[in-house]
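In what follows, a structure is listed as structure tokens, so that the remarks can point back to it.
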Amino acid sequence: MYLSKSIFIILLVLAIPLHSQVIQEKDLCTQLATLVERDKKYRGTKDNTADHFNLALDSLIQAKGLTPQQFEALPAQEQGPIKQLAIKIAGQQMKPIITNDSIAQLQLALDLENTKTLIDLVLKYGWLTSKSLGCNQSFKTVLIFRHSPKVYWEQVRELIEKEKAANRISGYEYYVIDNHLKGRPPMTKKYADFTNE
């Protein structure tokens, strides 16, 4: 009887840290997803991207003297540049949410808070993503540091260098944040350049 109680107590003690780790990871998923949602609050557009893309693509197909069926029959290499141009045109036609200084200030306040929170989390846990945590929801943590205000750039630089050295941040995520910390010069690489990681 005494032995079975001891085994039960040992199993209970071993199970508690495992249970709290699962709860902690779930809480981190929720916290990070909230940061990413706040990052988008006043940034971006309320327009439907697909509508603008489809209109631009239809216009480009017509300008080339093609029917939609003829365009679909083209090889991917020929469709690609036309679709890329349609994406660019669609982006130019969408109306941004941030249209005045007061809304920009609201987003800046969120960016300051988000950046500080993510710095604290990365210092405590290392680089976190929805994939590394096994979150149900999908989000891009990289966006928080991509939009970090200049006041935090030195801290963010130290963190991404540390995470790169520890091999916890992907090459693409590092590249995107590094580009931001350098003042956003034209990006010469695409996500596809990093897919072999």
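The values are calculated or read from the model by the stated rules, or taken from the named source; none is laboratory data. This structure is a prediction, so every number in the text was calculated from the model and none was measured. Cβ atoms come from the backbone with ideal geometry, glycine included; neighbour counts cover every protein chain shown.
The table for this structure:
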| quantity | calculated |
| --- | --- |
| Scope the range 144-163; condition buried (at least 17 other Cβ atoms within 10 Å of the Cβ) and not hydrophobic (A, V, I, L, M, F, W, C); matching residues | ARG146, HIS147, SER148, TYR152, GLU163 |
| Matching entry among LEU32, LEU60, LEU66, LEU28 (being modelled with pLDDT of 85 or more, out of contact with any strand residue (DSSP E or B) (no Cβ under 6 Å at 6 or more places or on another chain) and not in a helix (DSSP H, G or I)) | LEU66 |
| Listing of helices (runs of 4 or more DSSP H) fully contained in the range 111-197 that carry 2 or more residues being in the same structural domain as GLN31 (by TED's automatic domain parsing), touching a residue at least 60 places away in the same chain (Cβ under 8 Å) and within 22 Å of CYS29 (Cβ to Cβ) | 130-133, 142-146 |
| Test: ALA86 is modelled with pLDDT under 85 and surrounded by 13 or more Cβ atoms within 10 Å (Cβ to Cβ) | yes |
